[in-house]
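Take a look at the structure set out below.
Since every read-out is calculated from the coordinates, none of them should be taken as a lab result. These figures come from a predicted structure and were not determined experimentally. We place every Cβ from the backbone using ideal geometry, glycine too, and count neighbours over all the protein chains shown.
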Amino acid sequence: MEFQNKVALVTGSGNGIGRSIAMAFAREGASVIIADIDEHDAIKTKQEIEQLGGKASAFRADVSVSNDVQQLFSFIKENYGTLDILVNNVGTTIRKPIVHFTEEEWDFVFDTNIKSMFLCAKEAGKIMLKKQSGVVVNISSILGLGGVSRRLPYATSKAAVDSFTKTIACEWALDGIRVNTIAPGYILTESLKGAFEQGILSEDDMVRRTPQAHLGTPDNIADAALFLSSDKAAFITGTVLYVDGGYAAYNGPEVIPSFHHNLE
C-alpha cells in the first residue's frame, strides 16, 4: 500500500469528490481525517472506510472559520501527532447574474473556496515545515480558466486557487513540501446530477463541450490526488493538473462537432 503509515486530511470529504479522495487514500493504507461541515456525512464516510478495513476519523468543521480549523488541527496533533497530506477540497458555488450578487454571497463563496485553503494550509505548513516533508493538493476547477457567465465569485475564486498554489509551492519548495492543484472538468457528482434534474444545467451540453465526449467521475479526481501525493510526482510542484477530458485544451466552437475518422 503506497500510503501506509501516512496521515491525510481531506476537507469537504463527506460526499462527492472529497469522499472519493478520502476513500482512495484509505484503500492505499493512509489514516484519513474526514473533515466536513455536515457531521452526518463525515461519519458516514468514516464508517464506509472502516467497513472496507481502512482507518479514518470524522471531524465536523467549517474550514472557512479560523476557530474550527484550530480545533481540527488540535485534534490531528493530539490523535495522530503529524500530517503528511492535505487535500483542500471544500468548495461551493452560487449561480446568478453579476448585478444580483450580494456582498454576503461574494464573501461566502470566497471564504469557502479560498480562505478555507489558506487557513488549512497555514496550519498544515506548521507541521510539515518542522519535519521538512509533506504534500498539499488543492482542488480548483476548469472554470477558473476564463470568464463564465453567472458564476462570477466561483470562477474568480477558482482562478485564485491556482495562483495560491503556485505561490506556496515556490515558498515551500526547499522545505520538502510539494503543492499542486487539480482542476476538474465536468465531474458527475450527486450535486451535478441534481442540477441536471432541476434543469439548471444540461448534461448534453457538457458532454458535447468535452473532447472525450463523456463526463468524468469522482474517482478520476481521486486517482489524480493519489498520483500527486505519491513519490511518482516527486519532481512536480506548483502545477495545475487538468482532469477534464480535454476541456482545457479545446479552443473551437462552444459545442464540439461530431465527426468520424476516415482511415481508408
> Tell me, which longest segment in the chain has none of the chymotrypsin sites (Phe, Trp or Tyr not before Pro) that fall in DSSP loops with at most 12 further Cβ atoms within 10 Å?
Replying inline: 1-234
> Listed here are the pairs LYS44/LYS158; LYS46/LYS96; LYS96/LYS232; LYS6/LYS96; LYS55/LYS96; LYS126/LYS193; which of them are more than 31 Å apart at the Cα?
Replying inline: LYS46/LYS96; LYS96/LYS232; LYS6/LYS96; LYS55/LYS96; LYS126/LYS193
>> Relative contact order of the chain, please, whole-number percent, based on alpha carbon pairs below 8 angstrom and at least 6 residues apart.
In response: 18 percent
>> Run the reach check for LYS77 against aspartates and glutamates, Cα to Cα strictly under 19 Å, same-chain hits fewer than 8 apart removed. What comes back?
In response: ASP36, ASP62, ASP68, GLU123
>> Once each part is reduced to its C-alpha centroid, what is the distance from the range 105-174 to the range 187-221 in angstrom?
In response: 24 Å
>> Can you give me the orientation-averaged projected area of the convex hull built on the Cα atoms of the chain, in nm²?
In response: 16.0 nm²
> What spacing in nm lies between the two simple spin-label points modelled at GLU48 and GLU104, each 7 Å away from Cα in the Cβ direction?
Replying inline: 3.3 nm
> When Lys and Arg each count +1 and Asp and Glu each count -1, what net charge do the other residues less than 10 Å away from SER229, Cβ to Cβ, add up to?
Replying inline: -1
>> How much length would be gained if the chain were fully extended between ASN67 and ALA213, taking 0.36 nm per residue of separation minus their Cα-Cα distance, in nm to one decimal?
In response: 48.2 nm
> Taking only DSSP H segments of four or more residues, each worth -39500 (n - 2.57), what value at 222 nm results for the chain once the sum is divided by all its residues, to the nearest 500 deg cm²/dmol?
Replying inline: -13000 deg cm²/dmol
